[in-house]
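So the structure is just underneath, and the comments pick up after that.
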């Protein structure tokens, strides 16, 4: 008997007690086991160009795919363009399903973001690795306050890359700092992460950093 997988159009054998369990890590093509994520995550993409009109930006935002399992995530990651290969002004957004990657979304409007800018003279592999491990920290729920994590963004600019983690709230310093420290450790970030609230356009006198 076979089970049809609507996400990737593969036909997967239903494992039985005599089945040899094959994961995507053993065989990326013929695996027969999937490991569900606690939350589903949606990958978005946009490239609004140099002159972004706030009224039309949302029109450039494209919902690419939603992943529900570890295997789905790796299937997508291994088949989309790496962040370092994207055109200037492009952005990838990986957010929990149901949350749009925009400040106005109810889940984001009271939140903020931890972010770091990485100059283009950084090695490509280092930038791609930080983005990958940021996503893995999200989908793997590496954070003590997991419900506070909304999603992550990588932005490609002419002089730098920016990687950010968006949080649901921004007023509890203890929780926010805990998330920042976990991100820095999980993504192996050596530079300084800085936190800014979405609804505060002016930087804090003494910004929260890790």
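Rule-based calculations on the coordinates, nothing more; no lab input. Everything numeric here is computed off the predicted structure, so don't read it as measured data. Virtual Cβ from ideal backbone geometry, glycine too; neighbours counted across all protein chains shown.
Before moving on, here are some points about what is shown:
- Cα centroid separation - the range 65-115 against the range 125-156, whole Å: 9
- Neighbour counting of Cβ atoms within 10 Å sorts the residues 168, 185, fewest neighbours leading, into 185, 168.
- 0 to 90° range, to nearest 10: angle between helix 173-186 axis and the chain longest Cα axis: 50
- FRET efficiency for residue 174 and residue 136, using Cβ-Cβ distance with R0 set to 30 Å, rounded to 0.05: 0.75
- Helix-only mean residue ellipticity at 222 nm for the chain, each DSSP H run of n ≥ 4 adding -39500 (n - 2.57), per residue, nearest 500: -6000 deg cm²/dmol
- Highest-fluctuation residue, 113, 20, 100 considered, GNM on the chain with Cα pairs under 10 Å: 20
- Choice from 161, 73, 31 with maximal GNM fluctuation in the chain (Cα, 10 Å cutoff): 31
- Prolate/oblate/rounded call for the range 44-203, Cα gyration tensor, a/c under 1.5 rounded: rounded
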